[in-house]
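Before any comments, here is the structure.
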Amino acid sequence: CGVTSSTSSPPASRARSLALVGAAVRKDVVRTDRGHPYFGGPEEGHPHLAALQALLTTFALGHPRLSYCQGMSDVAAPLLAVLDDEAQAFLCFCSLMRRLAPRFRPGGRGLSRAFAHLRRLLRRADPQFWGFLAARGAHDLLFCYRWLLLELKREFAFEDALRVLEITWSSLPPAPPPPPGGVPLLGAPLGARGGAPKSPSTSTR
């Protein structure tokens, strides 16, 4: 992050912002999913690279407080490849970013919250593995950074990633309200003294 843009500045300043944002976006666009046929081929005059560039630049200029951050191209590329329509992909990307934007904001508060949720879930779901990580100083889970930022998009081949993202994105609202106390975890941790974990009194589904 760090590329700022403004739509209320003088024309010269807006032109400078456009140039800075465009350069930052271009740097990532030409490296995003280039092994996939949809984005493969020569860079010059490539219609799909141009569409991805326009989509991300438009988003950055329309959302100056967030602008463009590295990794957004990985989120937008699958939408464009599947929909094959820049306008529809842009609308879907804007809706998706309502939920993902906190993870890209400077300061890392959104990602810190995601890490906290993951640590809490792991302690409850697999205390033995959690103990293994803690004993080796890996309980900060920083190796999961890219997983959480890009929702596992880079951890699979493109077509497999599409399936993962389809399940994830279709199962969650675009901007769910944050729970007041974080992620509610019902029942005792697995392996806790007293036998099997208690059944939750209410369904979480």
Could you tell me whether any residue of the stretch 32-40 is assigned to a helix (DSSP H, G or I) and not assigned by TED's automatic domain parsing to the domain that holds Leu152?
-> no
Could you tell me whether Leu61 is out of contact with any Cys (no Cβ under 7 Å at 6 or more places or on another chain) and not assigned by TED's automatic domain parsing to the domain that holds Arg154?
-> yes
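The values are calculated or read from the model by the stated rules, or taken from the named source; none is laboratory data. Quick caveat, the model's predicted, so the values are computed rather than measured. All Cβ positions, even for glycine, are placed from backbone atoms using ideal geometry, and neighbour counts span all protein chains on display.
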